Amino acid sequence: MASSSNAQWSSRWAFIMAAVGSAVGLGNIWKFPYEAGQGGGGAFVLVYLLFVFAIGMPVLIAELSLGRRGQLSPIGSMRKIAEAERKNSMWQLIGWSGVIGSFIVLSFYSVIGGWTISYMVDAATGAFTNIDKEGAGALFGSLLANEWLAIFWHAVFMGITIFIVARGVEGGLEKAVTVLMPALFVLLIVLVIYSAITADFGAALSFLFTPDFSKLTFDTVLQALGQSFFSLSLALGSIMTYGAYLTRDVNIGKSAAIIASADTGVAVLAGLAIFPIVFAYGLDLGQGPGLIFATLPIAFGQMPGGAIVGTLFFGLLVVAAVTSAISLLEPSVSYLEEKTGKDRRKIAIIMGIVIFIVGIASSLSQGDNWVSTLKIGGYDILGIKDFLTNNIMMPIGGMFTALFVGWFVSRKSMMDELAMEDSSFRVWYFLVRFVCPVAIAAVFISIMFL
Ligand code: TRP
């Protein structure tokens, strides 16, 4: 990983792992299941999968190639490419939206990251032993009610993230992702098997894979669109920044296919691990952000060796969250490094602390205090940040990214950058020119007018 603005990945594999590390995180294991629960299951999942492959993957390819072409921060790259293509310099707004959006996401992502660390400690100290539905609810409630503790874990999470970004993550990140990501994958499969044997697998399967389109509203479609971008780390600069560290010999199309498949696989596995427990214990499907914290402890509390498996699971989830958080800190750090020419370490520490402080409000908004009573349109502070980024900035940023590469960058530049087979290029080009912008615009227009 880069320790200066012209750094490069040590190998194709290291890049893919870092990108998978960015994509796979709380979005897959924490967010996807609760959104699927709130969105009514099968129909949401189907629409989500469609968005991942028809819209997310083409935008992923677009962002990686813009990053590699620009070789700078998202703002610098967009400005440079727009200039090279003799297009309006306003296109750099895509970069700005990414740098600002990743800042906002990290300021609540780190709060959930903190909860995950707290749960790792709970698992290790036996807090899950024989816990039931009420007990699991009470455990989560007590974390939220204890604001100082939640902020403490939030600080620990940001501390780890800052530490890695500041050190220049060369060996560290690459090693962490190449070993620990596969470990998380294996553990998830173990959990799915355990859930399948002991809980209500049949109900989970039919909930997740039998689409009931009557449950689909334009709002849930937009939610699924945003989630497909969130999960793939799109439209907020993370992937563009990683693309800037990419060497010319890497095949972007193939890499994108690997990243999207791994990311989707983890999300589906998480759903398959969690929903059998939700159904077997009659938990609330639509309870939102607390879903995994209220379900998984029950499974860990009952399985043999559950303290160890639970500690490992939440530990690996922390790792997955940290590798994503790194990619959320990277856009603003790379921009400020480029802009000020100052030491990367200092910038990472300062930005990290600023994001932590801004994040305190997100943490408090989940507790029981005056901050949690501040609401706009029914959303608390964490919810507003999530809504603004997930449902507005990401889809719009993705739409403009697709328009830019599809209509404003020359076809020749893109062909040259992607070096794809002719037929694959044509499919991709059609998707970014027509399908992505039209589909995203259609979702927005239906929400506004229907
Ligand atoms: N994709 C990560 C996850 O699923 C989160 C993330 C990292 C992200 N970088 C991003 C989300 C950029 C949106 C944009 O946990």
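The combined condition, being surrounded by fewer than 24 Cβ atoms within 10 Å (Cβ to Cβ) and either in a helix (DSSP H, G or I) or at pLDDT 90 or above (or both), is fulfilled by residue 319. Of the residues making up the range 239-252, those that are away from the ligand (no atom under 16 Å from the Cβ) and open to solvent by less than 30 Å² (accessible area, probe 1.4 Å) number 3.
Here is the figure for the range 65-86: residues that are over 15 Å from residue 417 (Cα atoms) and loosely packed, with under 15 Cβ neighbours inside 10 Å total 2.
Of the residues in the range 87-98, at least one is over 26 Å from residue 12 (Cα atoms), outside any helix (DSSP H, G or I) and either touching a helix residue (DSSP H, G or I) at 6+ places or on another chain (Cβ under 9 Å) or modelled with pLDDT of 95 or more (or both). Given the criteria open to solvent by less than 10 Å² (accessible area, probe 1.4 Å) and assigned to a loop (DSSP other than H, G, I, E, B), does residue 288 qualify? When the stated conditions are applied, residue 288 passes them. Within the range 210-238, track down each residue that is closer than 15 Å to residue 32 by Cβ, part of a helix (DSSP H, G or I) and more than 6 Å from the ligand (Cβ to nearest atom). Matches in the range 210-238: 220, 223, 224, 225, 226, 227, 228, 229.
Yes or no, residue by residue, for (1) under 23 Å from the mean Cα position of the chain (by Cα); (2) of a type in the set (A, V, I, L, M):
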site: 209; (1), (2): yes, no
site: 213; (1), (2): no, no
site: 218; (1), (2): yes, no
site: 224; (1), (2): yes, yes
site: 229; (1), (2): yes, no
site: 247; (1), (2): no, no
site: 252; (1), (2): yes, yes
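Kindly check whether there is at least one residue in the range 274-292 that is more than 16 Å from the ligand (Cβ to nearest atom), among the polar types (S, T, N, Q) and in contact (Cβ under 8 Å) with a residue 12 or more places away in the chain.
yes
All of (1) surrounded by fewer than 20 Cβ atoms within 10 Å (Cβ to Cβ); (2) at pLDDT 95 or above hold for residue 171 with one exception: (2). If you go through the range 33-44 and keep only what is closer than 12 Å to residue 227 by Cα and either near the ligand (Cβ under 8 Å from one of its atoms) or open to solvent by 10 Å² or more (accessible area, probe 1.4 Å) (or both), you end up with just 34. Each residue in the range 323-337 was checked for being modelled with pLDDT of 95 or more and either more than 14 Å from the ligand (Cβ to nearest atom) or not in a helix (DSSP H, G or I) (or both), and 2 of them qualify.
Inspection of the range 131-149 finds no residue satisfying the criterion of being on the phi > 0 side of the Ramachandran plot and more than 16 Å from the ligand (Cβ to nearest atom). Is it true that residue 357 is part of a helix (DSSP H, G or I), modelled with pLDDT of 95 or more and either farther than 21 Å from residue 226 by Cα or of a type in the set (Val, Ile, Thr) (or both)? In short, yes.
Only a single criterion out of (1) open to solvent by 30 Å² or more (accessible area, probe 1.4 Å); (2) closer than 13 Å to residue 151 by Cα; (3) in contact (Cβ under 8 Å) with a residue 60 or more places away in the chain is not satisfied by residue 345, namely (2). Can you find a residue that is within 11 Å of the ligand (Cβ to nearest atom), at pLDDT below 95, open to solvent by 10 Å² or more (accessible area, probe 1.4 Å) and over 18 Å from residue 221 (Cα atoms) anywhere in the range 99-106? So far as the range 99-106 goes, no, none of its residues is within 11 Å of the ligand (Cβ to nearest atom), at pLDDT below 95, open to solvent by 10 Å² or more (accessible area, probe 1.4 Å) and over 18 Å from residue 221 (Cα atoms).
With the condition kept exactly as written, say whether any residue in the range 268-279 is open to solvent by less than 10 Å² (accessible area, probe 1.4 Å), closer than 16 Å to residue 56 by Cα and outside any loop (DSSP other than H, G, I, E, B). For the range 268-279, residues open to solvent by less than 10 Å² (accessible area, probe 1.4 Å), closer than 16 Å to residue 56 by Cα and outside any loop (DSSP other than H, G, I, E, B): absent.
The values are calculated or read from the model by the stated rules, or taken from the named source; none is laboratory data. As the structure is a computational prediction, the values presented were derived from the model and not from experiment. As a convention, Cβ positions derive from the backbone with ideal geometry for all residues, glycine included, and neighbour counts pool all protein chains shown. Please note that ligands, DNA and RNA were not included when accessible areas were found on the heavy atoms of the full protein model with its side chains. Shrake-Rupley method; radii C 1.70, N 1.55, O 1.52, S 1.80 Å.
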